[in-house]
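Working notes for the structure below.
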Amino acid sequence: MHCLLYERRRNSCGTDCPSNRGVGAMKGYFISRALVGLLITILSLVFSAGAIAAGLSIYVSPSGDDANDGLSATKALVSLQRALDVALATPEESATSVRILVAEGSYLKQTAATKGLPGGREMQIRPLNNDSPRPQFDGGGNGGTWLTLRSAAGNPSKIGVYGLEIVNYKTAISLNGNRDDTAKWNGENVIRNNVFKNIGQIARDGGKPSTAAIRLVNSDRNTIFRNKFINIRNRERCALLHAIYVAHDSTDNVIEENTFEDGCGDAIRFRDASHRNIVRGNRFVDAWDKAPVSDWYCESEKRNDCTKLAGECPSINNVLENNQVVPRKIKGVPLSLTYGADAPLQCGKLGKSDFRFIVK
């Protein structure tokens, strides 16, 4: 390295320069230079590959066509499902992440499903232009679920939904892991700054009642942040419907700074060993049956309609912090409520520091 620094400074080299050390030294010197050149070439290729494997953008527009490739705004797709299919078909080495960019306008009666991207890569569904009106997906009152994640690989699925308006569906989003095997989870999904309106059986005449606007089943470490839930209702058995239903070993999720307005079931329902979730800074306006936040599990010793073979358990150590309960048209209630015994036999005893809810 000393010789490289002084290669062209003959007056400063002295006896350390290769010209003064014979043929063997000269060979070593040129080999060193060759190695340095090779290293530079390798680094260049690595950085070039990184540039090629950058994030991929897929475009969706009301005026698009699913026969397009979706890789530019002028060649946009029309359906979210096609965009998800294109994302899944993209080789991992070609895209480190995927953004599905949705142009403003209305998308009628679309439903979509995905298992996420392999390799733990992130996939976002978000507006093309944040300064325009929200893109709206309208279920048209036909029921169904707007977006279903079917992922039970025991790895982060990293689906993000940002800045959209979802209306007139039976269920808006369902994040489905395996409810019978805690090792088969999904997680690290983000649902942020969306509007969910007219979700439930209200969106359809007849049919079975809905149980959730957003459903988590064995889904962990998700963030549900600054969304609005408006008019979340069933025509029948309205108390069954929850804006956010956190069920079957869904743990360590954060539900923060959301607004719940005009709902007839408890807005947030925990079920079956869904532990250590945080409910913080939310506002509940006439959005409850018995309480804005509740914990329930199916007690097999008291009911004959429980379907989980291993049995269900209460959820423990869910934190409620700085939430507001605002009654306007209906009677005010406490923030939280628990159903069933705190420690059924199949679930073991609670520790001294364990509680169903920790209210701060």
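A few notes on this one:
- Only Cα pairs under 8 Å and 6+ residues apart enter the sum, and on that basis the relative contact order of the range 280-346 stands at 49 percent.
- Whole-number percent relative contact order across the range 78-237, with pairs defined as alpha carbons under 8 Å at least 6 apart: 19 percent
- Two-decimal ratio, the chain, of alpha-carbon radius of gyration to 2.2 N^0.38 Å: 1.35
- Under Karplus coefficients 6.51, -1.76 and 1.60, residue-wise ³J(HN,Hα) of the range 162-171 in Hz, glycine/proline x: 10, x, 10, 10, 10, 9, 6, 10, 5, 9
- Over 25 Å between alpha carbons, listed pairs Lys109/Lys184; Lys228/Lys360; Lys228/Lys331; Lys109/Lys308; Lys208/Lys331; Lys170/Lys302: Lys109/Lys184; Lys109/Lys308; Lys208/Lys331; Lys170/Lys302
- Projected area, mean over directions - the range 65-115, Cα convex hull, nm²: 3.9 nm²
- GNM flexibility winner over the chain from Pro133, Pro314, Pro334 (Cα, springs under 10 Å): Pro334
- Choice from Asp85, Asp131, Asp262 showing the highest fluctuation, given a GNM over the chain with Cα pairs closer than 10 Å: Asp131
- Under 5 Å, built H, 5+ apart or other chain: amide partners of Val161: Ile125, Val190, Ile191, Arg192
- Degrees between helix 80-89 axis and first principal axis of the chain (Cα, 0 to 90, nearest 10): 40 degrees
- Springs join every pair of Cα atoms under 10 Å in this Gaussian network model of the chain, and among Thr223, Thr74, Thr148 the largest mean-square fluctuation is at Thr74.
- For Cys313, the residues whose amide H sits under 5 Å from its own are Asp272, Ala273, ignoring neighbours fewer than 5 places away on the same chain, with H placed 1.01 Å from N.
- For the range 173-204 and the range 116-162, distance of Cα centres in Å: 10 Å
- Per-residue ³J(HN,Hα) for the range 180-186, Karplus 6.51 cos²θ - 1.76 cosθ + 1.60, θ = phi - 60°, Hz, x for Gly and Pro: 9, 9, 4, 6, 9, 10, 10
FYI, it's all coordinate maths here, none of it is from the lab. All of these numbers come straight from a predicted model, not from anything done at the bench.
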